[in-house]
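In what follows, a single structure is set out as structure tokens and then discussed.
What follows is calculated from the coordinates using simple rules that are stated; it is not laboratory data. Please read these numbers as outputs of a predicted model, since none were measured by experiment. Positions of Cβ are backbone-derived with ideal geometry, glycine not excepted, and every protein chain shown enters the neighbour counts.
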Amino acid sequence: MGREQKVMHGHIHPSNNEQMMLMLPFLLLIDLYIFAGVFSNRHHHSWPLHRYFFWCFGVLSAAGAVVGPIANRAHMDFTAHMTGHLLLGMLAPLLIAISAPVTLILRTISVKWSRRLTRVLKSCFFRVASDPVVASLLNVGGLWLLYTTGLYMAMHKSLVLHVLVHLHVFLAGYLFTVSMIYMDPTPHQRSFLYRAVVLVLALGGHGILSKYLYAHPPAGVPSGQAEIGSMIMYYGGDAIDIALITIFCFQWYKAARPRISSTYPQVN
Amino acid sequence: MASENLDSNHNSITYFNRNIWSGMLFGLGFVAFVDETVFHQLLHWHHFYDKTTRSMGLISDGLFHAFSWFATIGGLFMIADLRRRNTFVFKRWWGGSMLAGGAFQFYDGIIQHKIMRIHQIRYVDHVFIYDWVWNIIAVIMIIAGGLLINRTSKEFRKRWEGNRR
């Protein structure tokens, strides 16, 4: 067993009780969403059933990266780590974005509070953060930083760092997703062309990093694990990207629908 | 049927040419997709990464892969848009597909395989035979696509002039 392995084994495995405790916030989030949906149904149209499913699967896939078998193996197995990150940074954000949580919050809370929330969302901070370029840099740039510096190794030694990295992976993934597809009210909308160009560049950056990791594993990762992990990142990313791109194109298709023009009479 | 409608449409030329763009996006994406599924996944001729790859090759491969992924889906949505406007001309679209598909295959065969050395077509002794077949198919696709586009342009011009007389 190599020196790297021993270092990784230094991490304390959570016991069963701790596992349950870790699972609690996720279950709470699911409950909150369902409660908000049912509660707001009294004053609004019935909240669509499919959105409950998207939210539940989204929260559960995020939980899968933090609690349970994948999370437990992630400390010593890069393949498991990568599977977890795929769930946390790509699948969960996509599913959660589709479940339109901001819309649900806005219709659940009182008008006064939803006005306040909208004002925050319209603020300068969110204008910058929701720019596809900024979101892509935070998302893909963060991954480059994690895997090509000593951060990956340091993450396994410090609990605080571990939590921060995972939080960043999810939040940056969510920010990236909602900067590309608009399921919730989006005050600062960008053109389809701009978003498409940035999306392709970001996906390219993701693909380049995953192939780079194939030959240059992060410090402490055996090459066999890095090779499988890199392919999971590459092909798993592709699979989720299909859904993201399809939603993006569908939104373009809806927005670009032909309208009967008043300036030019239709000759048919 | 679709081309009759073209003449009466105000933006006919824009949408007529958009058939090429849609075809090009789809053709490029489709060739890249076939490359990935057939040669990487099914035959295992191509390698995911071979150690001769240069960093430029890695970047080019990553960007092309992302673009082709987007282009396949985007190209299909553009067909849907052309069809709902009654401006879809299959022959012109197919010409665009062949042209861009061939161009990508040629780029893949010459620049990515030979100059950037991302990977070879197959890891055998006489790889040059594979290279020639690969690139000749690419050139045939480019020529066929160009001819098809040219022919639909002529047809369109004839119809356009006939209408004005």
**Study point:** Rg to Rh quotient for region A:33-89, alpha carbon positions, Kirkwood Rh
**Key:** 1.23
Study note, to complete from the structure: Ordered by fewest other Cβ atoms within 10 Å, a rough proxy for footprinting exposure, A:Val102, B:Val38, A:Val165 read B:Val38, A:Val102, A:Val165
**Study point:** Span per principal axis, largest first, for the Cα atoms of region A:114-268 (Å)
**Key:** 68, 41, 18
Practice item. Can you check how the C-alpha radius of gyration of region A:45-168 compares to 2.2 N^0.38 Å, as a plain ratio? Key: 1.25
Review point. P(r) of region A:179-254 in 10 Å steps, Cα pairs, percent per bin?
Key: 17, 39, 24, 16, 4
Check your understanding: Which value, in debye to the nearest 20, describes the size of the charge dipole of region B:2-164 about its Cα centre when Lys and Arg Cβ atoms bear +1, Asp and Glu Cβ atoms bear -1, and nothing else is charged?
Key -> 600
Check your understanding: For region B:99-139, how big is the tail of P(r) above 10 Å, as a whole percent of Cα pairs?
Key -> 67
Exercise for review: Under a 10 Å cutoff between Cα atoms, tell me which one of B:Thr72, B:Thr37, B:Thr87 has the largest fluctuation in the Gaussian network model of chain B.
Suggested key: B:Thr37
**Study point:** For region B:57-97, the Rg and Dmax computed from alpha carbons only, in angstrom
**Key:** 13.4, 41
Check your understanding: For region A:98-200, what does the equivalent ellipsoid look like in terms of its semi-axes, each the square root of 5 times an eigenvalue of the Cα gyration tensor, given largest first in whole Å?
Key -> 29, 19, 11
Exercise for review: Please state the charge dipole magnitude for region A:83-158, taken about the Cα centre, from unit charges on C-beta atoms (+1 on K and R, -1 on D and E), reported in debye and rounded to the nearest 20.
Suggested key: 540
Practice item. Within a 10 angstrom radius of each residue's Cβ in B:41-49, how many Cβ atoms of other chains show up on average? Whole number is fine. Key: 2
Point to revise | For region A:3-243: relative contact order, % (alpha-carbon pairs under 8 angstrom, 6 or more apart) | key: 24
Check your understanding: Karplus couplings for region A:36-44 from phi (6.51 cos²θ - 1.76 cosθ + 1.60, θ = phi - 60°), rounded to Hz, Gly and Pro as x?
Key -> 4, x, 5, 4, 6, 4, 5, 10, 10
Study note, to complete from the structure: Longest principal axis of chain A (C-alpha) makes with the long axis of helix A:223-255 (C-alpha) an angle, in degrees to the nearest 10, of 0
Check your understanding: What are the semi-axes of the equivalent ellipsoid of chain A, taken as the square roots of 5 times the eigenvalues of the Cα gyration tensor, listed largest first and rounded to whole Å?
Key -> 36, 25, 16
Check your understanding: What ranking do A:Arg73, B:Arg157 get, fewest neighbouring Cβ atoms within 10 angstrom at the top?
Key -> B:Arg157, A:Arg73
Revision key, fill the gap. Rounded to two decimals, the Rg over Rh value of region B:110-161 from Cα coordinates and the Kirkwood Rh reads 1.31
Revision key, fill the gap. Computed on Cα atoms only, the convex hull of region B:14-165 has an orientation-averaged projected area in nm² of 9.7
Review point. Along the charge dipole of region B:2-164, which of B:Ile129, B:Ser97, B:Gly109 sits closest to the positive end, that is, farthest toward it, with unit charges on the beta carbon of Lys, Arg, Asp and Glu (+1, +1, -1, -1)?
Key: B:Ser97
